1. Pull up the DSSP beta bridges for the protein assembly as shown and report the antiparallel fraction as a percent, rounded to 5.
2. Report the B-A buried area as the accessible area lost on both sides summed, probe 1.4 Å, in Å² to the nearest 100.
3. Run lengths n ≥ 4 of DSSP H only: what is the helix-derived mean residue ellipticity at 222 nm for chain A, with -39500 (n - 2.57) per run over all residues, to the nearest 500?
4. Excluding residues on the same chain fewer than 8 positions from B:Lys288, give the lysines whose Cα lies under 29 Å from its Cα.
5. Regarding segment B:18-233, what whole-number volume in Å³ per residue does the convex hull of its Cα atoms give?
6. Rounded to the nearest 500 deg cm²/dmol, what is the calculated helix-only ellipticity per residue at 222 nm for chain B, with -39500 (n - 2.57) per DSSP H run of length n ≥ 4?
7. Select from segment A:244-324 those trypsin sites (Lys or Arg not before Pro) which occupy a DSSP coil region and have at most 11 other Cβ atoms within 10 Å, ordered by residue number.
8. Quick one: what are the phi-derived ³J(HN,Hα) couplings along segment A:120-132, Karplus 6.51/-1.76/1.60 with θ = phi - 60°, whole Hz, x for glycine and proline?
Amino acid sequence: MNETQSHPVLIDGSRLIAEACVRAGADAYVGYPITPASLIFFFASRRFPIALPAPDEITALQWMAGLSAAGYLPVSATSFPGFALMVESINMAYMMELPMLVILVQRLGPATGTATAGAQGDLLLLNGLVSGGYPLPVFCIADLEDCWRLPPVALQTAVDLRTPVVLLTSKEMVMTQESFDLARLAEIAPVRRTFYEGPGPYCTYDPADGLVPPFLPVGNGQHQVRLNASTHDRCGIIQHTSDEAMANTRRLQAKVEARTPVLYSLDEQEGARTLVVAYDITAGAAREAVAALRAQGVPVSLLIPRTLLPLPAVYLETMDRYPRVVIAEENHQGQLAHLLFGRRVPPHVRRVTAIGRMIRPDEIAQEVAR
Amino acid sequence: MSGFLVKPELPYCKGCGHHLIVRNTVKALEALGASPLDVVLVTDIGCHGIVDGNFATHTVHGLHGRSVALAAGIAMGLPPEKKVIVYIGDGGATIGLQHILEAARMNVDLTVVVHNNMLYGMTGGQPSGLTPTGFRTVLTPQGYPLPHHDLPRLVRDAGAPYAARVVGLGDFSDVLRQALEVEGFALVEVLEICVSYGVKMNPDLRLKELAQETGYEPGVWTGARPAFRPSRRETASLLEMPAVPRQYSSPLEGRMALILAGSAGEGVQQAAELLAQAAMMAGLHATKKGSYPVTVGVGFSTAEIVLSRDPIFYHGVPQPDAVVVTSADGLANQRERIRRMTGGVLWLDASLPRPETGAEVRVADFRGRAGARNAALYALLTVLRETGVVPPEAFLEAVRESPIGKHVDLSGW
Ligand code: SF4
């Protein structure tokens, strides 16, 4: 980008996320204020074609489901206390197969915790969010450019898979103002969306020969639409545990596993014996740590996962190639490490963790150099 | 068979009042001349909820108690000629009372039909918020001790233009038709007895006298209010931001992390933002974040600013190079960090006691020179004058160009 075209501004991730959502075709925002997601609510209220303040987060999610059922592409942003209220309704939208985007801005827990302190503490929660263990697509923002790049991907995934999608981020990512060149932002194309156009009879959950059933809004004048949050057959009729209904439920897993885009960046260096893995806000510290190590002549590689769930196999495959792995994340347990290795994290996998503060580049560099 | 039903035999116990609600709904819709695909039936959890398979309308089967909120979302997304109906029980109305009141307050265009059989049928006969005093349930065999909610009254108070209560006997389709004709929120509470639990526990109760015996008053209450329906609007891009001009330069080679700590209402966050912009005008990268107590209008206000020659990926400030304190609130908030400083510079307002620190301390009269409101701005200007890390003129220009520019008298600074 040459100097004359550059457009430097001081900007935060919240503004980029709201703008990116609208450019990608999201048309309804339903919000309930909560720190540190309120800035997204503020910008969304200015920008979305329809923006509705809800009286609580359960209502927010239910309105979103209703709007989605009517053909809208709704978005909300919240933080753990509000997200907790949404969980049953997200399960409902998952079962009804309604596209929507929930942006989860992490803050320090447990419970109300510290509203104005960042954290990366909600990954394990997201991993078990849907009753039965069915996977929900979760993407995670690693820098300001991701605030622009990922919302359209998340929305397209929501539409393509007919599912709620979670975009994970955290306080320091969406509230910090940073110098940024707007000229670096690529054009955003609206999500591609098609509705069922067949002759009928339309069965809401009949995937034909694919994994994802074609969508049709309720209220349309052509075909009856039946949406159902309870166990149901291909036509949305409530069932106990019929074969057809169980096949439908299994399909929910199959479609997410098969069709969630795998997004990550892998910066490998020749001769590196250590792979640093970091996501969300800690990705920035990891980038600085890796740059500092390389400047000192220490070869090191860096993996920044952006698709967190379902967990792509390529992460473990990549780690397998390294004698040492350092996973850095701002929580007490090492949640990504736990997700990858369970309670038996192998000795060559080192965890760098912290709560109540951002992880520093020098902590990561030290662990690599150890 | 009506065009509204795909199966005439309903899934309810013999004698259950739910049958009549379905028949009267169908009759009301036929009287309106609606077509099945103009209707969205949203059901809740409860015996009534398994009826969607019988309907030829669009059907949505949601969560317990949330059907009114779900239906509100649907209604807000559909044109007025579509009819959105909610079937909910007294249990669902209890757990989802907030949704009912909110939809009534907003006057969302939907019709809520409450199947009030005064207990939870599906789960074995427990009392709900609509169980009347003296009514016997499986859990209260001596009679329920508390009064019931008065739903029509609650929704009227919340602003609903239509509310009714009927005994679920015979033909009450006219009331349902009226409710469906309202453009806005309408609620019809239908009193019935669950033959499986209600009758068993209250064998002497007669349906004809149900209203009197339970203290429920039948009636129709109406008003008029415009319905709420959001419409799509045109909005402007959030990225219509003026580019920060680059017309200065900075001698900074590496990185400088600065903390500005003062009091709420004294322009700390704005001053920090202007410093970040001034740094950009001088060709640096910059980040700024704020920290303040939940009561934003009182107490401390602290900003962290990182300035750097190279792009900043990590914007934390574990060890500041400079801390600038303009008030006692700011000092209290940063005291611990100041104590841990082993180098760098602490700029301290002359009014403040000298804290314990390993930093070089420079005292200046920020508040006296610029007043409390502009102390933060003046303090940063002082730092720039003493360090030259960003040209002071860049900062003054950023101030002048900002919304506060015309309120700050910079002469003599
Ligand atoms: S259990 Fe009660 S409410 Fe349910 S269908 Fe039977 S009579 Fe009706």
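The values are calculated or read from the model by the stated rules, or taken from the named source; none is laboratory data. Here the structure is a predicted model, which means the values were calculated and not measured. Ideal geometry is used to build each Cβ from the backbone, glycine not excepted, and the neighbour counts take in all protein chains shown. Each accessible area value is taken on the protein alone, full model and side chains, heavy atoms only, with ligands, DNA and RNA left out. Shrake-Rupley method; radii C 1.70, N 1.55, O 1.52, S 1.80 Å.
1. 35 percent
2. By this definition, chains B and A bury close to 5500 Å².
3. -11000 deg cm²/dmol
4. Partners within reach: A:Lys171, B:Lys406.
5. That works out to 105 Å³ per residue.
6. -9000 deg cm²/dmol
7. Counting only loop positions with at most 11 other Cβ atoms within 10 Å, the trypsin sites (Lys or Arg not before Pro) in segment A:244-324 are A:Arg321.
8. Taking θ as phi minus 60°, the curve returns 10, x, 10, 5, 5, 4, 5, 5, x, 5, 8, 4, x Hz for segment A:120-132.
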